[in-house]
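First up is the structure itself, then whatever we jot down about it.
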Amino acid sequence: MSRAADDTDVRPITEAEFPEWLRAVKVGFLREPAVPQAELDARQGQFEDNRYLGAFDGARCVATFRSFAQEVTAPGGTLVPANAVSAVTVTATHRRRGLLTRMMGQDLAAAKERGDVVATLNAAEYPIYGRYGFGAATTTAEWTVDVPRAGLDRRWSGPDDGARIDLVDADEAGKLGPELHDRFRRATPGAVSRTDWRWQLDTGALRVDPKWTEPFYAVYRAADGTVEGLAVYEVDDTWGDAKQPLDTATVRDLFTTTPAAEHALWRYLCSIDWVTQVKTGPRAPDDLLPHLLPDPRAARITTQADWLWVRILDVVRALQSRSYEGTGTLVLEVTDRAGFTGGRYRLEASPAGASCTPTREAAELTLDIADLARLWLGDESAVRLAALGLVREEQAGAGRKADALLRTSRRPWCPDMF
């Protein structure tokens with residue numbers, strides 16, 4: 001018989017316990033348990049008191065949990081303070097003891113106390129996080145482009161409007177990337193902030209993966225010299241039987257601040273000599289790419305899945321933080337089993353702003369906090385959720401009314417895994 005969860009000590013780890021905690025992370029994700037000193041040194045620089053939780057069976061760490069400060073962009077461009085959750089594991093020998101529930105409860109309570117509006121995560125498995133109030137708020141898609149079929153002119157040598165594309169080294173990418181990304185994410189609902197540590201990993205200044213290789217960095221500059229796009233990619237070395245090159249370019253990262261930059265960088269990737277296939281990496285589900293090609297069928301979807309999960313900790317601030325394209329009112333009955341932010345709220349919204357206040361008015365729509373998270377960034381439809389039985393219309397037409405207020409013209413997108 002397994003021991004009760006109360007026999008396992010769940011608490012913030014000390015810095016001295018970090019090596020054992022990191023070993024447990026690797027065990028939980030079924031990776032080689034050994035922690036090389038170089039990886040330990042690189043990751044230990046992230047350590048922050050009270051943001052790293054561990055469950056200990058004696059001296060052995062058997063479950064892990066980490067959170068860190070983040071910002072999520074709401075529709076309209078407001079940067080919302082978030083509690084980003086990562087490194088969630090429970091060792092196979094200690095499952096079904098409530099360890100994740102205890103760690104999640106401690107962390108979300110601390111986030112609520114700090115004033116974070118939402119918590120975020122990427123879910124390795126779909127069924128786990130809904131019971132903690134998280135909902136899948138964005139979707140990602142990946143395409144593989146058959147370049148010869150795409151119909152593009154392979155002789156294309158760059159923009160003809162005075163703009164240019166330059167290959168730069170990792171050091172230059174590390175200087176240009178953060179400021180460009182900051183402009184990109186402020187204009188992209190669902191995007192999240194990136195840490196300096198993330199940029200050091202992406203440019204090889206820090207190495208946690210012994211197999212890391214330096215990619216190519218392509219920078220798009222507008223005619224006036226403004227940096228408006230960055231593509232980070234790698235290329236394999238594949239040759240056919242008749243000694244013809246059949247290389248694949250795989251995009252690690254691509255973000256832009258203008259459609260012109262996005263058009264040009266995809267054209268560039270599809271015109272590199274020897275490249276016959278381009279793998280896009282994670283993109284927005286309504287990405288421009290397929291229809292930038294003369295033959296959109298040359299881009300086939302190879303992945304489509306949920307991506308950024310959101311847990312709303314403050315309904316009032318979450319709904320007031322975003323913009324609304326229409327005008328109207330909506331009364332929501334929000335259930336929250338954890339007790340952080342449930343209740344009945346009246347939303348009054350217009351393009352000029354929004355207010356959200358507790359109310360005793362009759363509810364028009366009843367939904368769980370996880371389903372409100374799915375609606376918050378504008379990607380999901382309340383009518384669709386009602387058809388699935390996940391929200392309840394207390395008044396006829398409430399779902400359509402909610403969609404008219406909450407849905408956005410472009411779908412939210414989070415490029416990052418964390």
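Checked against the criterion of being without any contact (Cβ under 8 Å) to a residue 12 or more places away in the chain and either of a type in the set (A, V, I, L, M, F, W, C) or open to solvent by less than 20 Å² (accessible area, probe 1.4 Å) (or both), the candidates ALA373, ALA352 yield just one match: ALA352.
For region 303-313, which positions are open to solvent by 10 Å² or more (accessible area, probe 1.4 Å) and either not in a strand (DSSP E or B) or not acidic (Asp, Glu) (or both)? If you could, list the steps in order and put the result at the bottom.
Pass one, region 303-313, residues open to solvent by 10 Å² or more (accessible area, probe 1.4 Å): 303-307.
Scanning region 303-313 gives THR303, GLN304, ALA305, TRP307.
Filtering region 376-418 to residues that are open to solvent by 20 Å² or more (accessible area, probe 1.4 Å), in contact with a strand residue (DSSP E or B) (Cβ under 8 Å, 6 or more places away or on another chain) and among the aliphatic types (A, V, I, L, M) leaves ALA386, LEU390, ALA404, MET417. Could you say whether any residue in region 328-336 is in contact (Cβ under 8 Å) with a residue 24 or more places away in the chain, not in a strand (DSSP E or B) and not acidic (Asp, Glu)? No, because not a single residue in region 328-336 is in contact (Cβ under 8 Å) with a residue 24 or more places away in the chain, not in a strand (DSSP E or B) and not acidic (Asp, Glu).
So is THR357 surrounded by 14 or more Cβ atoms within 10 Å (Cβ to Cβ) and of a type outside the set (A, V, I, L, M) or not? Spelling it out, it is not the case that THR357 is surrounded by 14 or more Cβ atoms within 10 Å (Cβ to Cβ) and of a type outside the set (A, V, I, L, M).
Of all residues in region 17-46, those satisfying the criterion of being assigned to a helix (DSSP H, G or I), hydrophobic (A, V, I, L, M, F, W, C) and at pLDDT below 95 are ALA38, LEU40, ALA42. Residue count for region 35-45, restricted to those that are open to solvent by less than 40 Å² (accessible area, probe 1.4 Å) and within 21 Å of ASN122 (Cα to Cα): 0. Between ALA136, ALA163, ALA173, the distinction of being in contact with a Lys or Arg (Cβ under 8 Å, 6 or more places away or on another chain) and farther than 22 Å from HIS291 by Cβ belongs to ALA136 only.
Results for (1) under 23 Å from THR138 (Cβ atoms); (2) of a type in the set (S, T, N, Q); (3) not in a loop (DSSP other than H, G, I, E, B), shown as yes or no for each residue.
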| residue | (1), (2), (3) |
| --- | --- |
| SER355 | no, yes, yes |
| GLU361 | no, no, no |
| ALA370 | yes, no, yes |
| GLU380 | yes, no, no |
| ALA386 | yes, no, yes |
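Looking at region 47-115, what strands (runs of 3 or more DSSP E) fall wholly within it and have at least 2 residues that are open to solvent by less than 10 Å² (accessible area, probe 1.4 Å) and either at pLDDT below 95 or over 28 Å from SER321 (Cβ atoms) (or both)?
Details: elements: 52-57, 60-73, 79-90.
Of the strands (runs of 3 or more DSSP E) lying wholly inside region 47-115, those with at least 2 residues that are open to solvent by less than 10 Å² (accessible area, probe 1.4 Å) and either at pLDDT below 95 or over 28 Å from SER321 (Cβ atoms) (or both) span 52-57, 60-73.
A Cβ distance below 6 Å, combined with a sequence gap of six or more or placement on separate chains, defines the contacts here; from region 379-405, residues that are in contact (Cβ under 8 Å) with a residue 40 or more places away in the chain reach residues that are open to solvent by less than 10 Å² (accessible area, probe 1.4 Å) and among the small types (Gly, Ala, Ser) in the pairs ALA402/ALA382; LEU405/ALA349. Does VAL316 qualify as being open to solvent by less than 10 Å² (accessible area, probe 1.4 Å) and free of Cβ contacts under 8 Å to residues at least 60 places away in the same chain? No, not satisfied.
Residue-level check: of (1) at pLDDT 95 or above; (2) assigned to a loop (DSSP other than H, G, I, E, B); (3) open to solvent by 10 Å² or more (accessible area, probe 1.4 Å), PRO148 misses just (2).
For region 253-292, the tally of residues that are in contact with a helix residue (DSSP H, G or I) (Cβ under 8 Å, 6 or more places away or on another chain) and assigned to a strand (DSSP E or B) stands at 9. Among the residues of region 287-302, is any hydroxyl-bearing (Ser, Thr, Tyr), open to solvent by 50 Å² or more (accessible area, probe 1.4 Å) and on the phi < 0 side of the Ramachandran plot? Yes, some residue in region 287-302 is hydroxyl-bearing (Ser, Thr, Tyr), open to solvent by 50 Å² or more (accessible area, probe 1.4 Å) and on the phi < 0 side of the Ramachandran plot.
The values are calculated or read from the model by the stated rules, or taken from the named source; none is laboratory data. For clarity, every value in this text was computed on a predicted model and none was experimentally measured. Positions of Cβ are generated from backbone atoms using ideal geometry, with glycine treated the same way; all protein chains shown enter the neighbour counts. Areas reflect the complete protein model, heavy atoms only, side chains present, ligands, DNA and RNA absent. Shrake-Rupley method; radii C 1.70, N 1.55, O 1.52, S 1.80 Å.
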